[in-house]
Structure formats: C-alpha cells, structure tokens
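Right, one structure below, let's go through it.
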Amino acid sequence: MSIIFRSYFFAGALLAVAASASASLVNGSFEDPALNPGGKMGFGNGQIMGSGWIADFGLPFIISNGNADSGVAWHNATDGVQFAYLATGVGLGSIHQDVSLVGGSSYTLSFDQADFGTQFGVPGGQLNFDVTNGTSVFGGPIFSATDPFSDFIHITKSFVAPTTGVYSLVFTSVQLHAGIIDNVKLDADAVPEPASMAALSLGVAALLRKRKK
C-alpha cells in the first residue's frame with residue numbers, strides 16, 4: 001500500500017468514525033403528530049408519540065401553542081409549535097426514546113424545560129433525565145428543576161458512551177403538574193477531522209510534489 005493511498009485511507013476512516021458517532025434522535029421538538037392549533041393529545045403506557053418517543057406511564061401529553069384547557073396559560077414551544085408535558089393530574093409521567101451510540105464517542109444532550117403554567121404556584125418543573133442501557137452514562141438519573149412561574153430554561157449535559165449499542169434517553173417527572181420539555185437534541189461532539197484532513201491534504205500534496213521532482 002503506497003504512502004499516498006494510506007493517507008487517503010486514514011482520512012476516509014476519520015470521516016467514517018465521525019459520521020458513525022452521530023446520534024439517531026428524532027422528533028426532538030414533538031412536532032409529530034401534528035396537532036391543530038391549541039390542541040393536545042395524551043398517550044397511554046407503551047404508545048408511540050408520533051415518532052421516536054414512547055410513553056412509559058402517567059399519560060404524558062403533546063400540546064400545541066394556544067391551548068387553554070382548564071384555564072392554564074401554557075408556555076409557547078421554543079422550537080416549532082408543540083411541546084411535551086410529562087405529568088398530569090393522573091400522576092407522574094415518563095417518556096423515552098431509544099438511540100444508537102458509539103462507544104468512546106462524546107455526546108451532548110440538550111433540551112428546554114419549563115414549569116407547568118405561567119399562573120400556578122406549583123414548585124417548579126421538576127424532572128429526572130437519563131441516558132442508559134441498563135447502566136446510566138451519568139451514574140444515575142439527573143434531577144433538574146425550574147422555579148415556579150418560570151419560562152423555559154436551557155439544559156445541557158455532556159457524556160461519553162461507554163460501549164457501542166442502543167441506549168434509552170429517558171425523561172421522568174417527579175412532581176404532579178410538572179415537567180414541560182421541548183427542543184431535545186442529542187449531538188455527537190465534533191471530532192478534529194477538519195484539521196486532520198487539512199494536515200493530511202498538505203502531506204499528500206507534499207508527497208506528490210516530491211514524486212514529481
């Protein structure tokens with residue numbers, strides 16, 4: 001195998017690793033299923049919430065901007081026109097989505113979280129979140145809370161997948177009437193392939209010049 005061929009082979013391998021590390025999260029803004037303006041839809045245990053997400057327990061809802069049921073002044077979605085509400089009067093709620101991750105790769109989970117409504121004094125939007133394949137990548141579920149009457153706050157958390165495989169991204173409310181989430185993203189952190197590719201390109205070009213002399 002020539003030096004030039006090995007250089008191109010290594011460059012291609014870098015790109016392949018970068019591509020394979022991409023997470024497979026879908027419907028992070030809960031726009032599926034598409035509801036009428038002001039609409040809402042509840043999901044029972046085991047039901048698929050449009051695409052990607054599965055309701056685990058507690059009748060979680062997807063809610064569209066403009067909903068005013070029971071006199072609740074809901075927040076507007078931060079991305080798109082719909083968001084997920086995890087806990088209703090029937091009890092606490094939980095949802096999850098399975099994603100494929102690459103062992104040794106670094107990822108960043110981010111999402112927006114809000115309180116139940118803008119006019120009720122419930123003690124903030126309290127929930128747990130986790131990424132797990134039976135063993136949590138965080139060492140256990142992470143507790144996150146907003147203040148009463150608060151608007152959306154942005155949460156980010158980075159981690160390294162210990163092994164390659166399917167993991168569950170889980171959100172669970174830990175308080176009645178709490179846990180609004182939107183704009184959920186799970187991104188593979190950038191690897192330095194642009195710089196590596198540039199260096200390799202310069203090296204290959206130098207080799208070609210030497211061969212021509």
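The values are calculated or read from the model by the stated rules, or taken from the named source; none is laboratory data. Given the structure is predicted, the values throughout are model-derived calculations rather than measurements. Note that each Cβ is placed from the backbone with ideal geometry, even for glycine, and that neighbours are counted across all protein chains shown.
Restricted to segment 1-55, and to residues that are at pLDDT below 55 and β-branched (V, I, T), which residue is surrounded by the most Cβ atoms within 10 Å (Cβ to Cβ)? Taking the candidates together, the pick is V17.
Of all residues in segment 163-213, those being part of a loop (DSSP other than H, G, I, E, B), among the β-branched types (V, I, T) and either under 24 Å from N27 (Cα atoms) or at pLDDT 95 or above (or both) number 3. Where strands (runs of 3 or more DSSP E) fall entirely within segment 49-162, those with at least 3 residues that are closer than 12 Å to I181 by Cα and of a type in the set (A, V, I, L, M, F, W, C) are at 61-64. Within segment 64-79, the set of residues being closer than 17 Å to D32 by Cβ and in contact (Cβ under 8 Å) with a residue 60 or more places away in the chain comprises A77, T78, D79.
Residues checked against (1) in the same structural domain as A68 (by TED's automatic domain parsing); (2) crowded, with 20+ Cβ neighbours inside 10 Å; (3) at pLDDT below 95; (4) touching a helix residue (DSSP H, G or I) at 6+ places or on another chain (Cβ under 7 Å):
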| site | (1), (2), (3), (4) |
| --- | --- |
| V90 | yes, no, yes, no |
| S100 | yes, no, no, no |
| S106 | yes, no, no, no |
| S110 | yes, no, no, no |
| F116 | yes, yes, yes, no |
| F120 | yes, no, yes, no |
| G124 | yes, yes, yes, no |
| G134 | yes, no, no, no |
